[in-house]
Amino acid sequence: MRLKDKVALITGASSGIGRETAILFASEGASIAAVDVNDAGGRESVSLIEREQRQAIYIHADVSKVADCQNMVEVTEKTFGKLNILFNNAGIMHPKDDDAVNTGEDIWEVTLAVNLKGVFLGCKFGIPALRRAGGGSIINTASFVAVMGAATPQIAYTASKGGVLALSRELAIVHARENIRVNALCPGPLRTELLMKYLNTEEKKQRRLVHIPIGRFGEAREMAKAALFLASDDSSYLTGSTFLADGGITAAYVTPE
Ligand code: NAD
């Protein structure tokens, strides 16, 4: 078991990458604090874990709110006694997110609040807990759009993920001597609800698939496996990395037909 006796807090754990990671981390021996705003989904994630005789609790927290983030860390430590792994993964992609001219200020603000401020707040309260545990691993979910531009614009989302990448690098350097590793997981396009809601026609899906050398969308489970590597001691010499799990997108100039 790669996470035996570890405690992991995972935001966005009600669906997609967060849920798959919660299930995988639990199967590797970790106790899970599953955090989300979707209470029904979060409780379902917990029951999926408990069904396998593993430990998990659900905590309602909006990652853009200071008090909620403080509380999610407090409840995790109170329940399981410590925190070893912090996976700041919650994120949104607003359907009205467009180019700079057509994106409303409200869309910009809500996207930055959840995707970027949410990671900052997770770290603000999570890092002291990791220190109390003698160190640990932070994984922040960014995206391949943090390193590449797309002609189908989502200006607020892209900016938020660029921010997550920059923030993760600085955190990694600042906390390196405290035995706290920080890496940014950058998924490519996945077959999760978040993206499929956005690519809601076959034409839009095909237009995106053309750019993926592997020729298919990724699965949330594949991101969970990457997160497991970053969370565990298998990645003990990795910090500050831009960990791309993107089906080859960022390596390609022209993709095979
Ligand atoms: P998802 O929609 O399945 O999961 C996101 C979860 O975050 C949901 O359960 C949602 O309820 C939760 N959430 C939203 N706002 C929240 C808030 N304010 N506080 C707490 N929880 C909140 O999507 P996913 O694909 O699993 O996305 C997970 C992460 O991966 C996101 O950060 C996303 O930007 C990133 N990502 C996704 C893709 C993709 O193609 N799906 C690609 C690159 C990066």
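The values are calculated or read from the model by the stated rules, or taken from the named source; none is laboratory data. It should be emphasised that the depicted structure is a prediction, and the values quoted were computed from it without experimental measurement. Cβ atoms come from the backbone with ideal geometry, glycine included; neighbour counts cover every protein chain shown. What goes into the accessible areas is simple: the full protein's heavy atoms, side chains included, and nothing from ligands, DNA or RNA. Shrake-Rupley method; radii C 1.70, N 1.55, O 1.52, S 1.80 Å.
Would you mention how many residues in region 155-171 are more than 16 Å from the chain's Cα centre (by Cα) and either open to solvent by less than 10 Å² (accessible area, probe 1.4 Å) or at pLDDT below 95 (or both)? Final tally of qualifying residues: 1. On the stretch given as region 177-214, residues that are at pLDDT 95 or above and open to solvent by 50 Å² or more (accessible area, probe 1.4 Å) total 4. Could you please find all residues in region 54-81 being open to solvent by 70 Å² or more (accessible area, probe 1.4 Å) and closer than 21 Å to SER232 by Cβ? Listed by number, the residues that qualify are ARG54, GLN55. Looking only at residues in region 122-144 that are under 14 Å from the mean Cα position of the chain (by Cα) and part of a helix (DSSP H, G or I), the one that is farthest from the ligand (Cβ to nearest atom) is CYS123.
Contact map, region 28-42: residues that are of a type in the set (A, V, I, L, M) paired with residues that are part of a loop (DSSP other than H, G, I, E, B) and surrounded by 24 or more Cβ atoms within 10 Å (Cβ to Cβ), Cβ distance under 7 Å, separation 6+ or inter-chain. Pairs shown: ALA30/LYS6; ALA34/ALA13; VAL35/ALA13; VAL35/ALA61. Among the candidates SER31, SER15, the residue that is touching a helix residue (DSSP H, G or I) at 6+ places or on another chain (Cβ under 8 Å) and within 23 Å of VAL110 (Cα to Cα) is uniquely SER15. Of all residues in region 215-235, which are surrounded by 14 or more Cβ atoms within 10 Å (Cβ to Cβ) and part of a loop (DSSP other than H, G, I, E, B)? Answer for region 215-235, where residues must be surrounded by 14 or more Cβ atoms within 10 Å (Cβ to Cβ) and part of a loop (DSSP other than H, G, I, E, B): PHE217, GLU219, SER232.
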